[in-house]
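FYI, it's all coordinate maths here, none of it is from the lab. Predicted model, so just to flag it, every value in this text is computed and none were measured. Glycine gets a Cβ as well: all are built from the backbone with ideal geometry, and neighbour counts include every protein chain shown.
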Amino acid sequence: MVKRGKTPIRTVFRVIRITFAILFCVAGITAVSIAAVRDFYTHPVLTDVTIEAGSSFSLEDFFKTVPQEARFITDVSGIDTKIPAVYGLKISYDKYFDQEVRLTIQDTTAPTGKAVDHEFFNIDPFPSADDCVTDLYDLNGIAEVKFKNKLPDVSNGGDFVVPVLVSDPYGNSTTIDVKMHVKTDTTPPVITGLKDNQMIRSGDDIDFRDGVTVTDDNDPDPVLNVDASKFNVNKPGKYTVTYKATDRFGNSTEQKIKVEVWQSSAGDLKTKEVYRLADQILKGIKGKNKTDRAKKIYKWVCHNIAYLSKAGHPSFQKAALAGFKQRKGNCWVMCSCYKVLLDRANIPNLIVTRANCKVTRSNHYWNLIYVNKGWYHVDCTPLYPFFMKIDSQLDAYHTFKSKLYPKRAKKKVKNTKGYYAKRAKV
């Protein structure tokens with residue numbers, strides 16, 4: 001049998017103190033828990049927030065009422081709200097809670113811009129989509145500008161509304177309606193200055209473009225073609241020369257004139273003599289075709305007429321006669337000799353006069369010849385010898401009034417180098 005002694009009073013007090021301590025701890029924990037639950041429901045967190053690109057965000061976006069001491073645990077200083085993206089963030093609030101949230105930045109705003117209305121002719125290129133809009137803006141830039149639908153048929157002219165679609169990199173787009181006024185032109189050019197029923201002596205020089213002008217209401221540079229292919233200034237008879245002007249719309253007008261070539265009088269000895277001399281020279285110049293013969297005639301002039309810078313001989317017949325007899329002369333004499341020889345060989349040709357030259361004020365003359373289905377430039381002088389050049393190959397010394405002469409060939413020939421031979425100075 002175990003005997004129980006009396007419990008010491010000291011022990012009793014110690015037990016009492018421990019019991020009260022435990023009770024106070026439990027009470028404190030309970031109070032904290034109650035406060036935390038209360039705060040959780042008092043300040044609910046929005047865990048998924050979406051904002052528009054370009055706008056700002058703050059803690060207010062994640063709470064209806066922002067609690068005290070709320071803060072972002074995640075460093076948000078590097079977030080660029082202009083660029084759509086999704087971010088995972090962490091928020092601390094009310095001392096007790098850390099909450100993970102998601103911030104979504106999205107771009108749902110379409111670009112803006114203004115229409116640029118256009119007026120043009122039905123044969124002109126259709127304006128590009130980029131040229132139809134202006135003042136375009138989007139926070140993230142413009143990704144594409146294009147016509148929304150198939151382009152309308154504007155061949156007959158009229159008024160049209162053409163929608164242009166402007167898109168940003170995130171698929172947002174806006175449609176801008178552009179007004180188009182398309183014009184047509186059916187009025188042909190007007191030819192003025194024609195000289196009908198002309199009469200000239202055989203062998204005389206004639207320029208069918210002299211004094212002739214072409215105007216058009218919507219084309220500043222209509223094309224004039226003169227068909228004088230059947231005209232022969234050395235053969236008396238009646239001829240028809242046809243003028244045809246065409247604008248860029250394809251509208252054309254055609255007019256004809258009559259020209260009569262009559263036999264020179266028996267007293268015109270100089271004209272007869274120059275053609276007689278030319279015929280003698282041509283007896284020794286043959287060719288496979290007109291181009292080949294024109295080249296050989298050119299070579300004959302270059303090698304047989306010495307250059308002499310001296311004025312004189314107002315008509316090309318007199319200049320050629322002097323050149324054939326004296327075997328020397330200036331550029332006028334040399335191109336006149338070439339012209340007379342070509343005339344007698346039935347090769348169409350013209351004399352070209354220098355004009356609007358910026359490098360010299362002196363006069364200069366060269367030839368245009370019609371061979372190989374086109375008009376080509378030829379210069380017989382030793383300063384600028386060349387054969388069958390086109391306009392784009394001419395230098396600054398060979399400027400001329402383009403509209404006064406037939407439309408020239410555009411295709412280059414392989415060799416345009418001149419044949420001028422070195423000789424002692426005259």
Under a straight-distance cross-link criterion of Cα-Cα below 24 Å, which lysines are reachable from K183, leaving out those fewer than 8 residues away in the same chain? K114, K146, K148, K150
With +1 on each Lys and Arg Cβ and -1 on each Asp and Glu Cβ, and nothing else charged, work out how big the dipole of segment 112-183 is about its Cα centre, in Debye to the nearest 20. 180
Mind listing the long-range amide H neighbours of W375? Cut-off is under 5 Å, sequence gap 5 or more, other chains count too, H placed in the peptide plane at 1.01 Å from N. A409
Can you pick out the pairs among K195/K230; K288/K411; K328/K411; K238/K299; K235/K272 whose Cα atoms lie more than 23 Å from each other? K328/K411; K238/K299
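About the Cα centre of segment 189-304, how large is the charge dipole given +1 on each Lys and Arg Cβ and -1 on each Asp and Glu Cβ? Please answer in debye to the nearest 20. Don't skip to the answer; put the middle values down first.
Numbers: 21 positive and 17 negative charges, 229 e Å.
The dipole magnitude comes to about 1100 debye.
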Using +1 at the C-beta of Lys and Arg and -1 at the C-beta of Asp and Glu, which of T213, G237, P125 has the Cα lying farthest in the positive direction of the dipole of the chain? G237
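Neighbouring Cβ atoms within 10 Å as the yardstick, rank D107, D80, D247 fewest first. List each step's numbers first, then the result.
On the way: D107 19, D80 8, D247 22.
Least to most surrounded, the residues fall as D80, D107, D247.
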The aspartates and glutamates whose Cα lies under 18 Å from the Cα of K414, excluding any fewer than 8 residues away in the same chain, are D292, D379, D391, D395
Can you match Cα extents along the principal axes in Å to one of these, (i) 63, 55, 48; (ii) 181, 55, 40; (iii) 72, 49, 42, based on a calculation from the structure here? (ii)
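Among DSSP beta bridges lying fully in segment 269-404, give the percent that are antiparallel, nearest 5.
On the way: 13 of 15 bridges.
Within segment 269-404, antiparallel bridges account for around 85 percent of the total.
What does the charge dipole of the chain about its Cα centre add up to, to the nearest 20 debye, if the Cβ of each Lys and Arg holds +1 and the Cβ of each Asp and Glu holds -1?
Numbers: 64 positive and 46 negative charges, 796 e Å.
Dipole of the chain, to the nearest 20 debye: 3820 debye.
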Mind checking which lysines have their C-alpha under 20 Å from K358, skipping anything on the same chain fewer than 8 residues away? K401, K403
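Pulled fully out, how much extra length does the chain show between Y87 and C357, if you take 0.36 nm times their separation in residues and subtract their Cα-Cα distance?
Full-extension gain reported as 89.9 nm.
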